[in-house]
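The structure under discussion appears below in the form of structure tokens.
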Amino acid sequence: MESTYLLVGQSAFLINEQIKTYQDKFKLDQFNIVKLDALETEIEVINQELQTVSFFSDLKMVVIEHLDGLTRYDDKVLSTFYKYLESPSSDIVLILTITELPKDHNLGSYLEKYTFIETIQSLEGETLISYIRESFHKEGYQIEDKSIQLIIERTQNDLFSIHQEISKIKMYAYDEKIVFVEDVDLLVTRNLEDNIFSFSTAYLKGNIKSYMQIYDDLVTNKMPTITIFNHLFNTMHLIMQTKDLMEQGLNQKTLAEQLGVSSGRAYHLMKEAKLQSKKDLETLIHGLAKLDVEIKSGMKDEKLGFELLLLRRLA
């Protein structure tokens, strides 16, 4: 029986569901499961956990999420971890999760050679719509496609949020077992903190439909325009700084220390920095800086000026 599993996929929810099936398969309770995040956990701690037996059972499960976080280490530092993959303990079920196999690091080769790889396909488009529809139909609920679309839109395709909202809607419509679009509109609200991060990401990608929709939601929920503006401005600066530091050869850990952010935040900044060209970032930052001066000098209205800048991404 395999003892080291690698789950590859974009959906944290579906990966988590697959981990639960392994938990049931090996008949393990929560006392015998250890979860670590490779973005936040040092390799020494991971190695130590893989050498420690369970105090409550003959078998324990160790789940290491975001395994690509280990690519911040070189092969010498990872040698102990590599040796474990080559000869895993029979007392430990090791579950590793990653969005995609590293192509430019030896970690990828070890994972391909020594783990049982399972690809977790994301739910998107018609597949996601069918999945949500079936979640209602199997318990006797009726729901229109436009209601399903609104659930997807309000939750930003996040399956964790979708399941929470489905449970809420089912309780609300328990008597009639009919879900109207008005019910979804009433019950499913957008998370403001998540939305402001989604707004910046969509703006960077030039997805005007998405970021203008999110912007409208933020304003509707009484978030000041200046708060949205400042967040976007600061995000751009952080990504530019990240790009500069990456060009200097800094790794994730050192970069996090330089910027004063968590290792996990540094990982996402580095990921975004790789997607953006320096010229595009400079252009966007220049536009935001110019607007900042015009607003502070009274030359432009804060809200109108910012909205015009957002719409100029169409050009």
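Assorted remarks:
- Selection within region 138-191: residues that are small (Gly, Ala, Ser) and touching a strand residue (DSSP E or B) at 6+ places or on another chain (Cβ under 7 Å). The member of this set that is farthest from ASN16 (Cα to Cα) is ALA173.
- Residue identified as over 21 Å from SER210 (Cβ atoms), among the hydrophobic types (A, V, I, L, M, F, W, C) and under 22 Å from the mean Cα position of the chain (by Cα) among ILE166, ILE132: ILE166
- Checked against the criterion of being within 21 Å of GLU65 (Cβ to Cβ) and either part of a helix (DSSP H, G or I) or within 28 Å of the chain's Cα centre (by Cα) (or both), the candidates GLY249, GLY287, GLY305, GLY264 yield just one match: GLY264.
- Residue in region 272-285 that is among the aliphatic types (A, V, I, L, M) and closer than 17 Å to ILE228 by Cα present: yes
- Pair list, Cβ under 8 Å, 6 or more apart: region 239-259 residue crowded, with 18+ Cβ neighbours inside 10 Å, other residue among the polar types (S, T, N, Q) and not in a helix (DSSP H, G or I): ILE239/GLN276; LYS243/GLN276; ALA256/SER262
- The sole residue among THR71, THR80 that is in contact with a His (Cβ under 7 Å, 6 or more places away or on another chain) and part of a helix (DSSP H, G or I) is THR71.
- So ILE169, is it among the aliphatic types (A, V, I, L, M) and at pLDDT 90 or above: yes
- Looking across region 43-68, the residues that are outside any loop (DSSP other than H, G, I, E, B) and over 20 Å from LYS25 (Cβ atoms) come down to ILE43, GLU44, VAL45, ILE46, ASN47, GLN48, GLU49, LEU67, ASP68.
- Test: SER210 is of a type in the set (Gly, Ala, Ser) and either touching a residue at least 24 places away in the same chain (Cβ under 8 Å) or surrounded by 19 or more Cβ atoms within 10 Å (Cβ to Cβ) (or both): no
- Verdict on PHE199 being surrounded by 15 or more Cβ atoms within 10 Å (Cβ to Cβ), free of Cβ contacts under 8 Å to residues at least 40 places away in the same chain and over 27 Å from ILE15 (Cβ atoms): no
- Criterion: in the same structural domain as GLY206 (by TED's automatic domain parsing) and at positive phi - qualifying residue of GLY249, GLY287, GLY264: GLY249
- Residues in region 29-38 that are in contact with a Lys or Arg (Cβ under 8 Å, 6 or more places away or on another chain) and at pLDDT 90 or above: ILE33, VAL34.
The values are calculated or read from the model by the stated rules, or taken from the named source; none is laboratory data. On a predicted model such as this, the values are computed, not experimentally measured, just so you know. Neighbour counts run over all protein chains shown; Cβ positions are idealised from the backbone, glycine included.
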